[in-house]
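Novice: Mind looking over this structure? Questions follow.
The values are calculated or read from the model by the stated rules, or taken from the named source; none is laboratory data. Remember, predicted model here, so these are calculated numbers, not experimental data. Note that we place each Cβ from the backbone using ideal geometry, even for glycine, and neighbour counts take in every protein chain shown. Only protein heavy atoms, including side chains, enter the accessible area calculation; ligands, DNA and RNA are left aside. Shrake-Rupley method; radii C 1.70, N 1.55, O 1.52, S 1.80 Å.
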Amino acid sequence: VRAFLFVGSAFLLMSMIAMVSLAQNRFEHVWPWWAFGICLGAAILVAFGVFEKRRNDLIQIGNEMRNWDF
C-alpha cells in the first residue's frame, strides 16, 4: 500500500507540473508558474502548521502505517 501512495503522489505532482506547463504555453506568459509557486508555498506552510498542531496524532498514524503489510 505504501508504494501505491508514493507512486500516486509522484504522478499527482507530475500531472500538476504538466498542467502548469501547458497553461504557460497557452497564455505565453510566466504568471502560471508564479501562481503555482505561490500556491505551493502556501500549501507547504499550511501542511507544516497542521503537522506542528497535530504532531502526536500524525506520529501515531505514521507508526500505524509502518505496520501495514507489504
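Novice: Could you grab me the full set of residues in the stretch 13-34 that are closer than 28 Å to ARG2 by Cβ and either open to solvent by less than 100 Å² (accessible area, probe 1.4 Å) or not in a helix (DSSP H, G or I) (or both)?
Specialist: If the condition is that a residue be closer than 28 Å to ARG2 by Cβ and either open to solvent by less than 100 Å² (accessible area, probe 1.4 Å) or not in a helix (DSSP H, G or I) (or both), then LEU13, SER15, MET16, ILE17, ALA18, VAL20 are the ones that fit.
Novice: How many residues are open to solvent by 90 Å² or more (accessible area, probe 1.4 Å) and at pLDDT 95 or above if we restrict to the stretch 1-11?
Specialist: Total satisfying the criteria: 1.
Novice: Is the stretch 35-58 home to any residue that is surrounded by 11 or more Cβ atoms within 10 Å (Cβ to Cβ), modelled with pLDDT under 90 and in a helix (DSSP H, G or I)?
Specialist: The answer is yes; a qualifying residue exists.
Novice: Mind checking which residues of the stretch 59-70 are under 15 Å from ALA3 (Cα atoms) and assigned to a helix (DSSP H, G or I)? Walk me through it before giving the result.
Specialist: Kept after step one, since they are under 15 Å from ALA3 (Cα atoms), are these residues of the stretch 59-70: 62, 65-70.
Once the filter is applied, which keeps residues that are under 15 Å from ALA3 (Cα atoms) and assigned to a helix (DSSP H, G or I), the stretch 59-70 yields GLY62, MET65, ARG66.
Novice: Which pairs have Cβ atoms under 7 Å, sit 6 or more apart or on different chains, and link a residue in the stretch 6-34 that is without any contact (Cβ under 8 Å) to a residue 12 or more places away in the chain to one that is surrounded by 10 or more Cβ atoms within 10 Å (Cβ to Cβ) and not β-branched (Val, Ile, Thr)?
Specialist: Sorted first by the residue in the stretch 6-34, then by its partner, the pairs are ALA23/PRO32; GLN24/PRO32; GLN24/TRP33; VAL30/GLN24.
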